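Below is one structure; the comments refer to it alone.
The values are calculated or read from the model by the stated rules, or taken from the named source; none is laboratory data. Keep in mind it's a predicted model, so treat the numbers as computed, not measured. Cβ placement follows ideal geometry from the backbone for every residue including glycine, while neighbour counts extend to all protein chains displayed.
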Amino acid sequence: MFKRVLLKLSGEFLAGDSGFGISPETTAGLAHLITQAHAGTGVELAIVIGGGNLWRGARNGAGMDPATADYIGMLGTVMNAMALQDAMEAAGQPTRVMSAIQMQAVAEPYIRRRAMRHLEKGRVVIFGGGNGAPFFTTDTTSTLRALEIGADVVLMAKNKVDGVYDSDPQKNPDARRFDTLTHMDVVERRLEVMDATALTLCQDKGLPIVVFDLFGEGNLRRLLSGERVGTLIQTPVPDPAAAG
């Protein structure tokens, strides 16, 4: 049973069928799903959301200074965080947006202890603005924020992919899904779970990752209730007694 979790969402979850922008209907559906799954569990929930539905530096920022392209992407994550906040509060869930890039008119500045206090009071905290520096993905931001707030796990939400496979299940009908992996398994098998910087940080700090299908019936609720869903990535902690 988790006490505090960090949920990593893709910006595309807000886009709807167009695959671009923010769809109010799709965002409302996502907010309802998360709010209903979270209600009554007693689990403290933080969220990091990407900005790929609005901006991808490698594609949209071609020919642009890379740092500038990344900063634009960070601003996109704040836009998504605000949209998700609005939808979640309409669904009855108190929410706070905290941004690593200061913009007090629309979001609180990210302050670690303030974020933890919000969580303790039952508010969902949505982190926007990346980690405030270019050249880092929202995967890395998710890992960093999870460690800072003392989260028990990073939940990597996917769409129509119910875990980690040894090959692309949409192309290979014989692809095998893993129930459990270690962080090193992911590295050695070159499995696409998160970027290398984020994965290494999780491994070094012993932070578990769960990869799961967010839209699978009841999956998020089951995870927050302590059930096994998707693929668990965890490196066993050595037993000091065994070493002695």
**Study point:** Entirely in the stretch 36-134, the helices (runs of 4 or more DSSP H) that have 2 or more residues that are crowded, with 18+ Cβ neighbours inside 10 Å
**Key:** 66-90, 112-120
Practice item. Return yes or no: is Asp179 modelled with pLDDT of 95 or more and surrounded by fewer than 12 Cβ atoms within 10 Å (Cβ to Cβ)? Key: yes
Check your understanding: Looking at Ala100, Ala31, Ala91, which one is more than 12 Å from Val124 (Cβ to Cβ) and either of a type in the set (S, T, N, Q) or modelled with pLDDT of 95 or more (or both)?
Key -> Ala100
Practice item. For the stretch 39-53, indicate whether the set of residues that are modelled with pLDDT of 95 or more, farther than 23 Å from Met1 by Cα and of a type in the set (A, V, I, L, M) is non-empty. Key: yes
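Mind listing whichever residues of the stretch 36-55 are more than 16 Å from the chain's Cα centre (by Cα) and either within 24 Å of Pro109 (Cα to Cα) or hydrophobic (A, V, I, L, M, F, W, C) (or both)?
Selection gives Ala39, Leu54, Trp55.
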Exercise for review: Can you work out which of the residues in the stretch 1-35 that are among the charged types (D, E, K, R), under 25 Å from Gly73 (Cβ atoms) and touching a residue at least 24 places away in the same chain (Cβ under 8 Å) is surrounded by the fewest Cβ atoms within 10 Å (Cβ to Cβ)?
Suggested key: Glu12
Exercise for review: Restrict the check to the stretch 155-165 and report whether at least one residue is out of contact with any Cys (no Cβ under 7 Å at 6 or more places or on another chain), among the hydroxyl-bearing types (Ser, Thr, Tyr), free of Cβ contacts under 8 Å to residues at least 40 places away in the same chain and on the phi < 0 side of the Ramachandran plot.
Suggested key: yes
